[in-house]
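Working notes for the structure below.
The values are calculated or read from the model by the stated rules, or taken from the named source; none is laboratory data. Bear in mind the structure is a predicted one, so any value in this text is a computation, not a measurement. Glycine also receives a Cβ, built like all others from the backbone with ideal geometry; neighbour counts cover every protein chain displayed.
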Number of protein chains: 2
Amino acid sequence: MTAYTATVTVRLKRGVLDPEAETTKRALDRLGFELQGLRATDRYEIDLDAADADAAEERASEMADRLLANPTIHDYEVEVEEAEE
Amino acid sequence: MTAYTATVTVRLKRGVLDPEAETTKRALDRLGFELQGLRATDRYEIDLDAADADAAEERASEMADRLLANPTIHDYEVEVEEAEE
């Protein structure tokens, strides 16, 4: 088995309202920053052992499907790297 | 001016307790997943116009210093890309 770090980035689907991002953007506007848009995403870095990178990615995708992402409103991406020693 | 997307990743400093990550990890354990560790990070994708990439990075760092990250408990990284047309 090899130690991997799978990074799952969960974001709201296009068109789904994001009150947290809207509030953050307005606060930055009030501080005098000029920005065109802001999107907030959640990112989970998961340390796990797996036979290979594909198995690690599959397991992380299962975790996203079952807990980390709500399929109705979220999309997610998985990136896998060998864990740093 | 050029349109950039600056991505600010905010994470808790090493050693700072992360109740959200702990709770998420325990939930995954209960679902039968085997994982060694889990870290939760917040990630902001900011669309802004700037003279160049360095200026975009500097502005995004200022936003992190003033609002997105709490310097006492957070570290942050900034990545800048030209915005997709």
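Restricting attention to the range A:25-34 and to residues that are surrounded by 17 or more Cβ atoms within 10 Å (Cβ to Cβ) and facing chain B (nearest Cβ under 7 Å), the residue that is nearest to B:R66 (Cα to Cα) turns out to be A:L28. Within the range A:46-56, if we keep just the residues that are facing chain B (nearest Cβ under 7 Å) and buried (at least 18 other Cβ atoms within 10 Å of the Cβ), the residue that is farthest from the chain's Cα centre (by Cα) turns out to be A:L48. From (1) in a strand (DSSP E or B); (2) over 19 Å from B:R43 (Cα atoms); (3) aliphatic (A, V, I, L, M), pick out the condition that doesn't hold for A:A40. Only one criterion is unmet by A:A40, namely (2). The residue list B:D65, B:D52 contains one member that is more than 29 Å from A:Y4 (Cα to Cα) and touching a Pro at 6+ places or on another chain (Cβ under 8 Å), which is B:D65.
Of the residues that make up the range B:35-43, is at least one over 23 Å from A:E20 (Cβ atoms), among the small types (G, A, S) and more than 7 Å from every other protein chain (Cβ to nearest Cβ)? Step through it out loud before you land on a result.
Our first condition is that a residue be over 23 Å from A:E20 (Cβ atoms); within the range B:35-43, this holds for B:35-37.
With among the small types (G, A, S) added as a condition, the list becomes B:37.
Adding the requirement that they be more than 7 Å from every other protein chain (Cβ to nearest Cβ) leaves none.
So far as the range B:35-43 goes, no, none of its residues is over 23 Å from A:E20 (Cβ atoms), among the small types (G, A, S) and more than 7 Å from every other protein chain (Cβ to nearest Cβ).
Listed conditions (1) in a helix (DSSP H, G or I); (2) small (G, A, S); (3) over 18 Å from A:T24 (Cα atoms) are all met by B:S61, apart from (3).
Would a scan of the range A:13-34 turn up a residue that is within 26 Å of B:E84 (Cβ to Cβ) and touching a residue at least 24 places away in the same chain (Cβ under 8 Å)? Yes, the range A:13-34 contains a residue that is within 26 Å of B:E84 (Cβ to Cβ) and touching a residue at least 24 places away in the same chain (Cβ under 8 Å). The set of residues in the range A:1-26 being assigned to a strand (DSSP E or B) and out of contact with any Leu (no Cβ under 9 Å at 6 or more places or on another chain) consists of A:T2, A:T7, A:T9, A:R11, A:L12. Restricting to the range A:60-76, and then to whatever is loosely packed, with under 15 Cβ neighbours inside 10 Å and in contact with a helix residue (DSSP H, G or I) (Cβ under 9 Å, 6 or more places away or on another chain), can you tell me which residue is modelled with the highest pLDDT? That would be A:R66. Whether any residue in the range B:14-24 is basic (K, R), over 25 Å from A:R66 (Cα atoms) and modelled with pLDDT under 95 is what I want to check. The answer is yes, given that some residue of the range B:14-24 is basic (K, R), over 25 Å from A:R66 (Cα atoms) and modelled with pLDDT under 95. Here A:T2 meets each of (1) under 22 Å from B:R26 (Cβ atoms); (2) touching a residue at least 60 places away in the same chain (Cβ under 8 Å); (3) of a type in the set (V, I, T) with one exception, condition (1).
Going by what's in this entry, would B:E22 be described as more than 8 Å from every other protein chain (Cβ to nearest Cβ) and within 19 Å of A:G37 (Cβ to Cβ)? It would help to see each step written out before you state the result.
Details: more than 8 Å from every other protein chain (Cβ to nearest Cβ): yes; within 19 Å of A:G37 (Cβ to Cβ): no.
When the stated conditions are applied, B:E22 does not pass them.
Mind listing whichever residues of the range A:9-19 are more than 10 Å from chain B (Cβ to nearest Cβ) and either surrounded by fewer than 18 Cβ atoms within 10 Å (Cβ to Cβ) or not aliphatic (A, V, I, L, M) (or both)? Give the derivation first.
First pass over the range A:9-19, keeping only residues more than 10 Å from chain B (Cβ to nearest Cβ): A:12-19.
Listed by number, the residues that qualify are A:K13, A:R14, A:G15, A:V16, A:L17, A:D18, A:P19.
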